[in-house]
Amino acid sequence: MKVEHIGIAVKNVDSAIKIYEKLLNTKCYKTENVENEHVLTAFFRTGDSKVELLEATSSDSAIAKFINKRGEGLHHIAFEVDNIEQEMKRLENEGFRLLNNRPVKGADNKLVAFIHPKDNHGVLIELCQAAE
Ligand code: ZN
């Protein structure tokens, strides 16, 4: 599985964009408000992978809860899969706990599902597949 992107939780996506543009020496190529996940996202290309910055747009958002508990920082690693439903079934059979029963619409025209961080030594894993 290829690392599609790395997700970083930030308090303010606009100020984080400025920092990451300097760090990566590339412009943010897309921002997107993912309403169903209550997050504002910003994307950078880094070789074959991407960096995704995430800011909560509601206190109910998983990003708001994460920042309250652990502060800003690395939030998830996303792996690209060809068939997300098949991969979810495979991982469930291997004993991983999925945080979604079915794939949900994520940012950047992707179908996504998350695996509980406790099952991956503390790292939240996202599976993603390009949406049709
Ligand atoms: Zn992501």
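The values are calculated or read from the model by the stated rules, or taken from the named source; none is laboratory data. Computed from a prediction, not measured in an experiment: that's the story for all the values here. Cβ sites come from the backbone with ideal geometry, for glycine too, and all protein chains shown count toward neighbours. Just so you know, the surface numbers come from the protein's heavy atoms only, side chains and all, with ligands and any DNA or RNA stripped out. Shrake-Rupley method; radii C 1.70, N 1.55, O 1.52, S 1.80 Å.
For region 60-89, the set of residues classified as surrounded by fewer than 18 Cβ atoms within 10 Å (Cβ to Cβ) and not in a helix (DSSP H, G or I) consists of D60, G71, E72, G73, L74, I77, F79, D82, N83, listed by residue number.
Please verify whether E85 is within 13 Å of the ligand (Cβ to nearest atom), on the phi < 0 side of the Ramachandran plot and modelled with pLDDT of 95 or more, treating the condition exactly as stated.
no
For region 36-48, filtering for residues that are open to solvent by 30 Å² or more (accessible area, probe 1.4 Å) and not in a loop (DSSP other than H, G, I, E, B) leaves 5.
Of the candidates E21, E85, E80, the single residue that is of a type in the set (D, E) and under 15 Å from the mean Cα position of the chain (by Cα) is E80. Scanning region 91-122 for residues that are within 16 Å of the ligand (Cβ to nearest atom), open to solvent by less than 50 Å² (accessible area, probe 1.4 Å) and of a type in the set (A, V, I, L, M) gives L98, V104, A107, V112, A113, I115.
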